[in-house]
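A short write-up of the structure that comes next.
The values are calculated or read from the model by the stated rules, or taken from the named source; none is laboratory data. Quick caveat, the model's predicted, so the values are computed rather than measured. Glycine gets a Cβ as well: all are built from the backbone with ideal geometry, and neighbour counts include every protein chain shown. We work out accessible area using only protein heavy atoms, side chains counted, and drop any ligands, DNA or RNA first. Shrake-Rupley method; radii C 1.70, N 1.55, O 1.52, S 1.80 Å.
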Amino acid sequence: MTIKARYILLAVLIISVTILILMLSSRQEKFIHKTAVNEKIVQTRSFSVSSDSTDLNTSAKGTLFIKGDKGIPEHIQIVASISIDPKDWGGVAFNIPDKWYISNITSSFPEKETKSIPADYITTLTTADTENKWRAIIEVGRGRDAYKSTGGGTGTVVVDLVSDKKAIQESDQFSISVAVGSDEKDGVKIVGPDYVEIPISLADISDD
């Protein structure tokens, strides 16, 4: 091979390596993007409740992520880990206040039952009664028919709520309730004997 041919080959190799480096660099830049963390979250609330007043072992614990703009909540995401006793027909219920609407529900309960369909274990009840404290109730694993257990189990439930922006005011105070378990006293069936209310004040959010 002549000296000229060697120079040409070396030049081709240098150009090829340079192009390869540029291509790899370009691909890396495409994968690099800015990740938003807690975007528009103005407040968080944690909760934990269990059926301590009964012999059942039902519980729910999780976090409320309150999102909005300029301190006014527009979206609430409830992320809850639930466990329902096999003998419990009451399950877990999320009580949603007025001026809020359910936009989406995602559930894995009962996650270990491969033949079960999670959507079959969720019931949503709504009311147009403005005198009622709760606009809607989301029931998970609650056996209303003949008060029979649905089998119990564990899972994760994610509830997305959106607000009625035209109706909410900064002076509003509201709460989300999470109730668990079931009981019977003097022949009367009781659903959700143990519960927790998570208060949310718009004034507190505006001050943050």
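Odds and ends about this structure:
- Radius, Kirkwood style, for region 31-180 when every pair of distinct Cα atoms is counted (Å): 16.5 Å
- Among 125, 64, 13, 56, the order of accessible area from largest down is 13, 125, 56, 64, computed with a 1.4 Å probe on protein heavy atoms.
- Each peptide in 107-115, 150-158 was scored by the mean count of other Cβ atoms within 10 Å over its residues; highest first, the order is 150-158, 107-115.
- With every protein chain in place and a 1.4 angstrom probe, the accessible-area ranking of 45, 142, largest first, reads 45, 142.
- Listed cross-link partners 148/189; 99/133; 61/99; 34/67 are compared with a 18 Å cut-off, the Cα-Cα value being larger for 61/99; 34/67.
- Rolling a 1.4 Å probe over the protein heavy atoms leaves residue 195 with an accessible area of roughly 140 Å².
- The listed residues 164, 85 rank as 164, 85 when sorted by accessible area, largest first, using a 1.4 Å probe.
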